[in-house]
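One structure is given here, and the rest of the page talks about it.
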Amino acid sequence: MVEDDQTLGSLLSEYLKMLQHETIDVVSTGSEAREVIVAGEAYDCAFVDLMLPDIHGLELLQILKEYQPTTPSVIMSGHPTSEYALQAMRGGASDFLTKPFSLQELALTVERLGKERRLRLENRTLRVEQQGWAGRFSGIIKSLVNTLEERDPHTGKHSERVVGYAVGMAKALGCTGTQIDSLRTAGHLYDLGKIGIAESIPNKPGALSP
């Protein structure tokens, strides 16, 4: 919790401890908060005062987002404006609390942020698993392409040309990186069906019969 009013910070901290939230760190300046965030200690949630004496709360929000992307955050302000609220939400804040807020509102917000934190961690785990599967799949594709090229060097070079043309057109059309990666994979799959064809057939002298 980043709150320059130390009395309020202590009050909110003690209340959260009563709710069995045992580890509550409270700092009163943005520079202190920045040191803690950059140090890498992970938190389930963060409450950040908008108007701090040294660093603006929205700036601190960006630092938190960069170093601890799985930690949901809330901006607190005694002088809220719709512009600040909008900037906070665009900056990645999960909520915007207007002071004074009730202790019940604080408790409900912490509970909701805890659920959001767990969901973010689950999503990160899924992304890591997906990246692992994608890497293994890419390795399999490359092995198959290499096998095919050993049997027919012309086919391998042809696949590379198909990939080059497809990727070039995709970039010209403004496709996303994900779409381009999919096209690159599809291009390598282009001629893999030949692996199941006896080598004597495509390499036989003369034209193939219809």
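The values are calculated or read from the model by the stated rules, or taken from the named source; none is laboratory data. Not measured: the values here are computed from a predicted model. Cβ atoms come from the backbone with ideal geometry, glycine included; neighbour counts cover every protein chain shown.
Of all helices (runs of 4 or more DSSP H) completely enclosed by the stretch 1-99, which ones contain at least 1 residues that are of a type in the set (K, R) and within 18 Å of the chain's Cα centre (by Cα)? Break it down stepwise before answering.
On the way: elements: 6-18, 30-39, 57-67, 82-90.
By residue number, 57-67, 82-90.
When you look at G135, is it exposed (fewer than 12 other Cβ atoms within 10 Å of the Cβ), over 30 Å from I63 (Cα atoms) and under 21 Å from the mean Cα position of the chain (by Cα), yes or no?
In short, yes.
Only one of the numbered conditions (1) in contact with a strand residue (DSSP E or B) (Cβ under 8 Å, 6 or more places away or on another chain); (2) at pLDDT below 90; (3) not charged (D, E, K, R) is not met by T125, and that is (1). Kindly indicate whether any position in the stretch 176-192 is surrounded by 12 or more Cβ atoms within 10 Å (Cβ to Cβ), at pLDDT 85 or above and not acidic (D, E). Within the stretch 176-192, one or more residues are surrounded by 12 or more Cβ atoms within 10 Å (Cβ to Cβ), at pLDDT 85 or above and not acidic (D, E). Report whether or not D44 is in contact with a helix residue (DSSP H, G or I) (Cβ under 6 Å, 6 or more places away or on another chain) and acidic (D, E). So D44 fits the description; yes.
Residue-by-condition table, conditions (1) surrounded by fewer than 18 Cβ atoms within 10 Å (Cβ to Cβ); (2) within 26 Å of R124 (Cα to Cα); (3) touching a His at 6+ places or on another chain (Cβ under 7 Å):
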position: T7; (1), (2), (3): yes, no, no
position: L16; (1), (2), (3): no, no, no
position: D25; (1), (2), (3): yes, yes, no
position: G30; (1), (2), (3): no, no, no
position: E59; (1), (2), (3): yes, yes, no
position: P69; (1), (2), (3): yes, yes, no
position: S73; (1), (2), (3): no, yes, no
position: Y84; (1), (2), (3): no, no, no
position: L106; (1), (2), (3): no, no, no
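For the stretch 45-57, residues that are acidic (D, E) and buried (at least 16 other Cβ atoms within 10 Å of the Cβ) total 1.
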